[in-house]
Each structure stands twice: as structure tokens, then as C-alpha cells.
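Working notes, beginning with the structure itself.
The values are calculated or read from the model by the stated rules, or taken from the named source; none is laboratory data. Since we're looking at a predicted model, the values are computed, not measured. Using ideal geometry, Cβ is built from the backbone for each residue, glycine included, and neighbour counts are taken over all protein chains shown. All accessible areas refer to the heavy atoms of the entire protein, side chains included, with ligands and DNA or RNA removed. Shrake-Rupley method; radii C 1.70, N 1.55, O 1.52, S 1.80 Å.
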Amino acid sequence: MKISHQKVHRDISYGPEPWQKLDIYLPEKTNTSAPVLVFFYGGRWTFGKKEQYAFVGKTFADAGYTVVLPDYAKYPEVRFPTFIEDAAKAVAWIHDHIHEYGGDGARLYVSGHSSGAHMGALISVNPSYLNNEGKPMAIIAAFAGLAGPYDFVPEAADLKDIFGPPDNYPNMQVPTFVNGKQPPMLLLHGADDEQVIQRNLNRLRAKIEATGGIVETRLYEEVDHIDIIGALSWVLKDKAPVKNDMLMFFDAHSPAR
């Protein structure tokens, strides 16, 4: 069956709340069910919407993936961990229903940019979120994070309000839960990123390596916090090989079929 890559199913509910909606981008054609990419956009856990990241859906649908962009709850209406719980609920729904859209739930990959990378990483290392949705963490075949704030201590007033009190900070820091059993992780970062410092990548990589997990990293020269997500658009596609690095990593860690 041939499907236009611009075929999109919009505003599908993955939960009962009005913000729990997602868009699904279909690949142009496939002889078998397509691998699935779930992408969480960034925005400081406070802003953004899935429609703004249609370029991510198109880029990976053109590469043969069924791509899912979920919306999720945001501050100040909610605080941690509500948006992480939304991320887990979305992934669980996708695992159950993506076959209805031609996707292969056995090849389910998670990615995200900035705060979205933090969300995707946390549900990839802390099994409680997916367990609460009746799913094992193993349904995630691999994770790719773009400029994620994986291991920081909130200093700005709004971030303290989102993640506080301080004794709760370890629960939002991704390395806290790394034990070597998490899915393979690809950590991507721009050398010129001044919004999320590279220490986040370094600390998460060190914890994964120390526990015997699988991790690869890429540091892109002359790339900043916005460039790295822009590289997934046709406008900045030559800025950094983000798409190709992600696809190669996913292919290398595709579950046996």
C-alpha cells in the first residue's frame, strides 16, 4: 500500500485529559510494518506544541518511520512528575495501538530535544513510569537524546517550583536510575550549546558506562542548542548529521525480528 508521507493522523487521544493528544506521521510506503519513533519536543517543560515540530515528523517519515509527536501537560498548570507520567502514558498507548497505523511496536524508539530529551530519558531509565501503565521499560528499543538536561540542579525560580523541594531533585535526575539495564542510549550535543551545558551528557554517559550499559555520544562543533534540533529540518539539514546518526544507532539496536 502506498501512502503519502504527508498523511498525518492528528489529535488522537492517548488519555482522558484534553492535552493528552498526539499526531502520527506515516511513511510513504513500506512492505512491512514500519519502525516507530516517538519524539518529545522541548520547551523548558512550560511551552511548545506538537504542530511546531511537524518537520521532525516529516524528516523521519521520509526515512521510513512511523513518527509520533505527543503533547503533554506543562508548568505552571502542573509540576514534576506529571509531564513525565504523560510521556509514559503516550508511549504505552503507542505500543498498544501503533499497529493500527502500520507501525511495528516491537521496534519502538524514543527521542526528544532539550526538556523533551529529559522526559524521554527518564522514562527510559526509571521503570516505575511505564510499569504504572502496565508496561515494562523493555518496550523501548533505544533512546536518542538531543541536548538533554539530564543531570542538573534547578537554580532558576521556576525550575525550583517545577521540580522542588530539593530533596526531590534526585528523582528528576536521569543518572539516579541508571543501572545498566536501560535501553541503548545515544546522546547528542552541540559544542556551542550555552543553554544546556555538556556536563549533562558527560555525567549520564559516565553513569551508563560505569554500570555496563550501552551508550554512544556525538559532539557537533559549531552547533548550539537550537541548531541541533534545526538540523532535523530541511533548512539546517547540513548543520550536523543528527538524522543520520540517529538512524544508524536505531538500526544498530533494532530488536531481532
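Structure notes:
- Think of a 1.4 Å ball rolled over the protein heavy atoms: the chain then has 43 Å² of accessible area per residue.
- Along its three principal directions, the equivalent ellipsoid of the chain from the Cα gyration tensor extends over semi-axes of 26, 20, 18 Å, largest first.
- FRET E, pair residue 51, residue 206, Förster distance 30 Å, beta-carbon r, rounded to 0.05: 0.25
- The chain: relative contact order as a whole-number percent, Cα under 8 Å and 6+ apart: 16
- Carbon/sulfur fraction of accessible area - the chain, other protein chains in place, 1.4 Å, %: 50
- When its C-alpha radius of gyration is set against 2.2 N^0.38 Å (N residues), segment 56-127 gives a value of 1.14.
- Applying Stokes-Einstein at 4 °C and 1.567 mPa s to the Kirkwood radius of segment 20-94, computed over alpha-carbon pairs, gives a translational diffusion coefficient of 100 µm² s⁻¹.
- Within a straight-line Cα-Cα reach of under 17 Å, residue 181 can be paired with the following lysines, leaving aside sequence neighbours fewer than 8 residues apart in one chain: 135, 207.
- For segment 36-90, the relative contact order is 40 percent, taking Cα pairs closer than 8 Å that sit 6 or more residues apart in sequence and dividing their mean separation by the residue count.
- Cα radius of gyration and Dmax for segment 163-215 (Å): 12.3, 32
- Looking at segment 179-257, the pairs of alpha carbons with a distance over 21 Å make up 35% of the total.
- For segment 107-257, the relative contact order works out to 23 percent when only alpha carbon pairs closer than 8 Å and six or more residues apart are counted.
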